[in-house]
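Structure first, then comments.
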């Protein structure tokens, strides 16, 4: 893995000294019912409680239904979104691999062979197969023990059980994978650049330079893996950051527009309406209403 690249998503762990994030979430918490393309050092487990989800990993798309799930390996470019524009209720666990590295021997024998396996970017999990159902059941157990006094101990036992199954089957179950991992490294570099500079004036030339490639190749790479142009990705990234501020702060919309890199409130509102399907003020009201209903 290329450790020189920074994560484009900074996963917020539940405890600083226990780098695991355990959440129950709904796609309706996110603009346009989607979490756009990102990547992180953590491995990720998702279990669908209700609804349907479309997940894309390195450009490969899978559809997940109720009681199904997915394992997404470390540092894979992926997105999550509604398949049918309906809400989806899901459990999500982000696990930093360091949690599993109790000893150097365990790290070398059981952790690194999985997270550094370019042929194992993801694994669909279905209850029809015993070993996959065991993982799905363990995900539920981890979720329901998250508030227990001994959560870390209980969760760690379940996470090792999950990882044992992942390790044993990581070389046995074929998974589709895009060729040319150097391209993914360049794509991650450009995504990371956008994440670090989205609130500044940047253009296609800046983005392609971050990946050390020409404009045409840059556009082709974004289209191949993310199914959108670099500029569209930049716009969507800015809009998602704007949506976060709308939901989590009382900042005026005009201030938010400048904060996330737009030249003015009218342009921000126009782009938000076009891509998110509603005005910023409408999104803020709807998000807060849904949040209140789920408390």
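Counting pairwise Cα distances across region 176-239, what percent come out greater than 14 angstrom? Could the numbers behind the result be given before it?
Numbers: 1031 of 2016 pairs.
Summing the P(r) of region 176-239 above 14 Å gives 51 percent of all pairs.
What list do you get for 109, 240 if you sort them by fewest beta carbons within 10 Å?
Fewest-to-most ranking of 109, 240: 109, 240.
Rounded to whole Å, give me the distance from the Cα center of region 205-284 to that of region 78-104.
Between the Cα centres of region 205-284 and region 78-104 lies a distance of 24 Å.
Using only C-alpha positions, report the orientation-averaged shadow area of the convex hull of region 20-169, nm², one decimal.
Its average projected convex-hull area is 8.5 nm².
Let's test this: bin the Cα-Cα distances of the chain at 5 Å from zero up to the farthest pair and state each bin's percent.
P(r) for the chain, in whole percents per bin: 1, 5, 11, 15, 17, 17, 14, 10, 6, 3, 1, 0.
Would you please give the FRET efficiency between residue 131 and residue 228, computed as 1/(1 + (r/R0)^6) with r the Cβ-Cβ distance and R0 = 30 Å, to the nearest 0.05?
Efficiency computed from Cβ-Cβ geometry: 0.25.
Averaging sequence separations of C-alpha pairs under 8 Å and six or more residues apart, then dividing by the length of region 62-155, give the relative contact order as a whole percent.
It rounds to 37 percent for region 62-155.
Could you order the peptides 186-195, 124-133 from most to least packed, using the average number of other C-beta atoms within 10 Å per residue?
Sorting 186-195, 124-133 by mean packing, highest first, produces 186-195, 124-133.
Assuming 0.36 nm per residue, please report the length gained on full extension of the stretch residue 263 to residue 150 beyond their Cα-Cα distance.
Working it through step by step, the gained length comes to 35.7 nm.
So for the pair residue 185, residue 18, with labels modelled 7 Å out along Cα→Cβ, what separation do we get in nm?
The two pseudo-label positions are separated by 3.7 nm.
How much length is gained on full extension from residue 141 to residue 273, taking 0.36 nm per residue of separation minus their Cα-Cα distance?
43.5 nm
Based on the alpha-carbon gyration tensor of region 181-293, what equivalent-ellipsoid semi-axes (square roots of 5 times the eigenvalues) come out, in whole Å, largest first? Spell out each step's value before the answer.
Numbers: eigenvalues 171, 40, 28 Å².
So the three semi-axes of region 181-293 are 29, 14, 12 Å.
Read-outs throughout are calculated quantities, based only on the coordinates presented, and are distinct from any laboratory measurement. Remember, predicted model here, so these are calculated numbers, not experimental data. Quick reminder, even Gly has a Cβ in these numbers, built from the backbone with ideal geometry, and neighbours come from all protein chains shown.
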